[in-house]
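What follows is calculated from the coordinates using simple rules that are stated; it is not laboratory data. No experiment lies behind these values; they were computed from the predicted model shown.
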Amino acid sequence: MAPTLRTPSERTCERCGRVEVWEESTGTWRLAVDESGDPQAVGSPYCIHEWDINGSFAPFEGDAAEA
Ligand SMILES: [Zn+2]
């Protein structure tokens, strides 16, 4: 496979569906928002997040999901 190691820039919780993105400027994860600034998926604040980061995640599924 490709030898290039890519730093994950997005992670999704497999339990509650929360989506966060990596913000390099602050070095922290923050809640992902769409182009209009609305949270994509807040998830549950009580969830023990299980982040799906395995290097094969898709960046975004596109705009077709929420019609
Ligand atoms: Zn969660």
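What Kirkwood hydrodynamic radius do you get for region 7-52 when you take the inverse of the mean 1/r over all pairs of distinct Cα atoms, in Å?
Details: mean 1/r = 0.0924 Å⁻¹.
Across region 7-52, the inverse of the average 1/r is 10.8 Å.
Got the relative contact order for region 7-52 handy, in percent, Cα pairs under 8 Å and 6 or more residues apart? Provide the component values of the computation, followed by the final result.
Working: 72 pairs, mean separation 19.4, N = 46.
RCO, region 7-52: 42 percent.
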